[in-house]
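Below is one structure, written out as structure tokens, with a few remarks after it.
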Amino acid sequence: MFLGKKMLVAVCTSSLLFSSHPILDHALPRLSDYGFFQEPMKNQIPIDGILPYTIASPLFSDYAEKLRFIHVPDQVAISHTADHTFNFPAGTFLIKTFYYPSDFRKPDGARRLIETRLLKKTETEWLAMPYVWNAEQTEAVLALAGDRTDVSWIHGNGKAMNVLYSIPNMNQCKSCHVYNNIQQPIGPKVRNLNMDFVYDDGTMNQLEKWVSSGILDPLPDINTLPRTVNYSDNFDGTLDNRARAWLDINCAHCHRRGGPAETSGLYLDLEENDPTALGVNKPPVAAGRGAGDRMYTIVPGHPEESIMDFRIRSTDPGIMMPELSRKLVHTEGVELIQAWIRNMPKGE
């Protein structure tokens, strides 16, 4: 099996640390060791007891597609809170595989699996464990040091594209997944899961499926619960709904109260209602290259004068936002945020 020089370094690093690093008390060296998927693993068909799921608006990761799965141990269930977040029992696994179709115009055609990230809930914390797929697509190996790999594909517009895809190391995972100094999941929350999913046995609301499967405590009427729109669907909600959903998943894991960027005073989670906290006519806390000589995060009616637009259009590591997990500009996301700012009343 050819892993490549960087992959070998990552595997060797893992081996050297295997008896000394606390995460490795919970990690197995190969993805196949967990038995999450039927063989061949590249088909990503889960065994009984593991449910596939999706979220309404996914994080942009250089156009990588994602397959998501959850495993909750028998005899326990996820509880939920008044603020519509989840409390996951110890032993829960969140499994996310990143992949690229060879041709985005043929989503059911050939694809290349790049990495599978595991989040495991212990009694005290969540642990992030990245697994890198080999060229043969037969196995993924633990790589605490992360990795980089060239990926090429045909985009939806027929254009050939390429990126040096970065698989984050363990510490980089923490930089996004920290809330109130505790590492935890970003996507799985009530409003992101409140949508239909096509299962092998039919289409069903995901929250209702989790309850009926016994992995989630009963919920109130689904119609009374919040729902995040799909920002890529022009007919799902208003322009404001869609732009806020994009900012929530791409930016708010840092830019929220209790997040790593809390001191910026810029809070982009869906629950935020203060226009100034959202960036409207808000000067940056710290100026510099990241401000691009612009005065305010958002200038209503003028994306070209807004720091937010400048930063999400950049690929300069010292300027771009989000800071990690991308080398490319999310063209569709940029256009959405530009339209949102352009349509803001100029009196705001």
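What follows is calculated from the coordinates using simple rules that are stated; it is not laboratory data. Keep in mind that this is a model prediction, so the values were computed, not measured. Glycine gets a Cβ as well: all are built from the backbone with ideal geometry, and neighbour counts include every protein chain shown.
Below are the figures for this structure:
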{"item": "Derived scalar couplings ³J(HN,Hα) [segment 314-319; Karplus, 6.51 cos²θ - 1.76 cosθ + 1.60; whole Hz; x for Gly, Pro]", "result": "8, 10, 6, x, x, 10"}
{"item": "Test item: Cα-centred dipole of segment 303-348, Lys/Arg +1 and Asp/Glu -1 on Cβ, debye", "result": "80"}
{"item": "Ratio of the Cα radius of gyration of segment 281-348 to 2.2 N^0.38 Å, where N counts its residues", "result": "1.07"}
{"item": "Residue order, fewest to most surrounding Cβ atoms within 10 angstrom, among 136, 272", "result": "136, 272"}
{"item": "Dipole of segment 22-122, positive end: most advanced residue of 41, 81, 69 [Cβ charges, Cα centre]", "result": "41"}
{"item": "Rounded to whole Hz, the Karplus (6.51, -1.76, 1.60) HN-Hα couplings of segment 249-256, x for glycine and proline", "result": "7, 8, 10, 6, 5, 9, 8, 7"}
{"item": "Karplus-derived 3J(HN,Hα), 6.51/-1.76/1.60, for each residue of segment 141-157, Hz, glycine and proline x", "result": "10, 4, 9, 4, 7, x, 6, 9, 8, 6, 10, 10, 7, 9, 6, x, 8"}
{"item": "Selection from 329, 318, 302 lying farthest towards where the dipole of segment 239-342 points positive, charges on Cβ", "result": "318"}
{"item": "12 Å cut-off, amide nitrogen to a point 7 angstrom out along residue 65 Cα→Cβ, residues in segment 201-242", "result": "none"}
{"item": "Dipole moment magnitude, nearest 20 debye, the chain about Cα centre, only Lys, Arg, Asp, Glu C-beta charged", "result": "900"}
{"item": "Extension reserve of the residue 222-residue 331 stretch, reckoned as 0.36 nm per residue once the Cα distance is removed", "result": "35.9 nm"}
{"item": "Test item: Cα-centred dipole of segment 239-342, Lys/Arg +1 and Asp/Glu -1 on Cβ, debye", "result": "200"}
{"item": "Length gained when the stretch residue 286-residue 196 is fully extended (0.36 nm per residue, less Cα-Cα span)", "result": "28.2 nm"}
{"item": "Label-point gap, in nm, between residue 233 and residue 159 - each point 7 angstrom along Cα→Cβ", "result": "2.7"}
{"item": "Relative contact order (%) - the chain, alpha-carbon pairs under 8 angstrom, separation at least six", "result": "14"}
{"item": "Interchain or long-range residues, amide H under 5 Å from residue 167's placed H", "result": "147, 148, 149"}
{"item": "Amide H partners (placed H, <5 Å) of residue 199, local residues excluded", "result": "204"}
{"item": "Extension gain from residue 39 to residue 257, taking 0.36 nm per residue of separation minus the Cα-Cα distance", "result": "74.2 nm"}
